[in-house]
1. With every protein chain left in place, what is the accessible area of C239 in Å² (1.4 Å probe, nearest 10)?
2. As an exercise, use a Förster radius of 25 Å and the Cβ-Cβ distance of N198 and N244 to find the FRET efficiency, rounded to the nearest 0.05.
3. Dividing the alpha-carbon Rg of the stretch 21-133 by 2.2 N^0.38 Å yields what?
4. How many percent of all Cα-Cα pairs in the stretch 213-370 sit more than 27 Å apart?
5. For T276 and S51, calculate 0.36 nm times their separation in residues minus their Cα-Cα distance, and state this gained length in nm to one decimal.
6. I'd like the FRET efficiency for L622 and F477, computed as 1/(1 + (r/R0)^6) with the beta carbon distance as r and R0 of 25 Å, rounded to 0.05.
7. Any idea what the relative contact order of the chain is, in percent, if you count C-alpha pairs under 8 Å spaced at least 6 apart?
8. Name every cysteine in the chain that ends up alone, with no second cysteine's Cβ under 4.7 Å, or say none.
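The values are calculated or read from the model by the stated rules, or taken from the named source; none is laboratory data. On a predicted model such as this, the values are computed, not experimentally measured, just so you know. Every residue, glycine as well, gets a Cβ built from its backbone with ideal geometry; the counts of neighbours run over all protein chains shown. All accessible areas refer to the heavy atoms of the entire protein, side chains included, with ligands and DNA or RNA removed. Shrake-Rupley method; radii C 1.70, N 1.55, O 1.52, S 1.80 Å.
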Amino acid sequence: MKKLITLFVVISVRMLSQNYGISEIPEELKKDANAVIRNISSEYVIKAENSIELKKKIIISILNKAGEGNSYVYIPYDKYSKISDIKIKVLDENGKQIKTYSKSDLNDVSQSDDSYLYSDDRALRMRIINPVYPYTIETSYTERSSDTVFLPVLQPYMDENVSVQNWSVEFKNESGIKLRKKVTETSFGKAEITESDNFLKAVYKNLPAYKDESYSPDQRVVVSKVEFALDRACLKGVCGDFSNWNSFANWYKGLLEPVSVVTPEIQQEVDALALTGTVSEKVQKIYQYMQSKTRYVFVAIGIGGWQPMSADDVRKKGYGDCKALTNYMRVLLKAAGIPSYYSVIYSDKTAKVFDKDFPKMDGNHVILCVPTEDGNIWLENTSQNIAFNHLSYRTMDRNVIMVKDSTAELIDTPKSLSENNKEILRIKANISADNTLSVSSNFNFSGGMYDMLLPLVSLSPTDQKDALKKRYDYLQFSNIDLTNLDNDRSGAKITFDLNFKANNYSKSLGADIYFRAIPFLDSDFHLENTDRKLPIEIPFGFTDDYEVEYTIPETYKFSEILSPVKIDSEFGSFSMEFIPVDKKLLVKRKFMLKKGTFSPDKISDYINFRKKTNKIDHTKILITKL
């Protein structure tokens with residue numbers, strides 16, 4: 001009887017334990033995968049608005065060398081959280097334990113990088129190195145924290161070419177505070193949800209490896225997700241009501257008020273500016289004053305990830321991060337009697353918007369909104385060179401949480417329009433019989449194209465030339481002269497003249513010569529027509545307006561005048577025409593690409609449009625010797 005009981009116990013243990021041998025991974029999850037998430041489970045117990053406990057387990061199999069980027073153990077923490085019970089195991093191909101690590105083996109490192117001045121965010125970190133593939137890393141730990149405002153987003157994505165066997169989040173809610181969820185479904189994953197009175201669990205299972213595709217949106221808007229939020233929560237000891245956006249504003253107001261005092265010194269600064277004119281003119285003068293005396297440095301101490309350093313500290317030190325510089329600008333305006341509103345936003349290539357029906361802490365950037373009778377003025381406060389009332393394409397076409405005195409408004413930032421994002425190029429080009437190209441040209445960048453060239457402004461003259469040589473590296477410059485560089489900080493335009501000589505631009509064909517119609521152009525569009533699964537995203541629309549006037553040697557003539565070409569598409573438009581002017585030739589090219597997201601089945605149409613325009617861009621002009 002004793003033997004039977006022992007055998008029963010052994011069988012039960014085997015049945016209840018998980019076998020993490022590689023052979024247990026379904027074949028469909030190995031396809032295109034460099035690593036497989038066997039199990040990520042996060043089990044939360046919410047004890048109160050300022051008390052939460054997490055038991056976390058991460059088990060991931062590294063299949064080959066390309067999957068080594070997922071072999072890091074990384075456990076973030078700060079002074080408001082406590083990490084314990086760390087256990088790390090390395091398993092071989094058969095799931096047999098071959099190595100173990102503990103907390104003492106981990107490096108305690110700062111999460112800061114070179115852009116941070118201060119940060120108290122830290123992490124326990126190490127890289128697991130195993131010479132034999134495949135292998136599995138199992139990490140588990142417990143975390144206790146007083147921060148409850150940032151509940152996890154369950155989104156089953158770690159990296160490209162990583163599949164998911166099981167990924168779950170569950171909550172046991174002992175706090176009596178309402179726990180909300182928001183499910184966003186796409187074709188990439190469907191969550192299984194289990195709920196009871198004080199229990200909520202969401203899980204994704206058996207998801208094939210995510211393969212990124214060129215010209216696709218950011219994965220966070222492609223992969224399904226489940227978000228969670230508490231109606232009452234705390235951040236670094238500051239607690240509040242997050243059940244609606246107005247209560248969120250009241251909480252944020254509590255962060256801003258202590259750091260927004262108009263000190264006598266700040267008042268003297270503003271008075272010394274002797275402001276006159278319209279509200280817009282006053283705001284511009286204060287804004288450009290602020291730019292002249294500050295620089296961007298990231299600061300995150302305590303609640304510094306969300307609360308700015310004080311406006312007077314920014315005045316004295318001359319630096320701050322986006323929060324601090326935006327708040328300093330807001331306080332300067334306050335001293336001038338001009339109301340403005342601190343606005344939280346998500347800045348990125350693919351727009352992320354706040355949901356009016358699901359209030360929660362979010363965002364990664366702060367800008368300032370100044371309402372006027374003529375419309376809103378938007379201020380980006382982290383750049384010393386950026387134009388007044390100008391936002392980049394990474395902060396346009398989305399909404400902000402605008403924090404007012406006792407309310408919050410979700411309002412949209414301006415639209416980024418292709419016709420406003422312009423590169424205007426006027427070129428006079430001389431083709432010599434020795435195949436040298438001599439050019440005098442004028443560049444004009446506005447709208448979003450202004451942002452692309454803005455880094456040029458802060459470089460030294462030598463570095464500016466080097467940057468342009470790199471930008472147009474397909475031209476063999478023999479000399480280059482950059483003049484009249486101007487950053488119009490009122491109209492958001494960058495202009496400059498560029499004169500140069502380039503060797504071997506044209507090619508000899510017997511006694512004749514041929515050359516490309518547009519000098520400043522080398523298309524970088526490369527996309528294959530594959531079995532596409534992801535949408536096509538054009539995150540930035542723009543317009544190119546080029547005119548090139550060619551002069552050729554007296555002993556040559558243009559062999560033929562090419563016919564004009566025009567293409568219209570749902571993705572944009574293109575035209576090129578060739579106009580003889582006396583003995584010269586004027587080439588006009590206009591290309592407009594629309595911003596937008598298009599379904600995967602449009603991929604062939606998009607490729608055809610871009611290939612057609614690309615082919616025309618490489619049109620050759622032939623001149624014949626007389």
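1. Counting only protein heavy atoms, the figure is 50 Å².
2. 0.65
3. In units of the globular-protein estimate, the stretch 21-133 measures up at 1.25.
4. Numbers: 4195 of 12403 pairs.
In whole percent, the long-distance tail amounts to 34.
5. 75.8 nm is the gain from fully extending T276 to S51.
6. Taking R0 as 25 Å, the efficiency between L622 and F477 is 0.55.
7. Details: 1389 pairs, mean separation 60.6, N = 626.
Computed value for the chain: 10 percent relative contact order.
8. C322, C369
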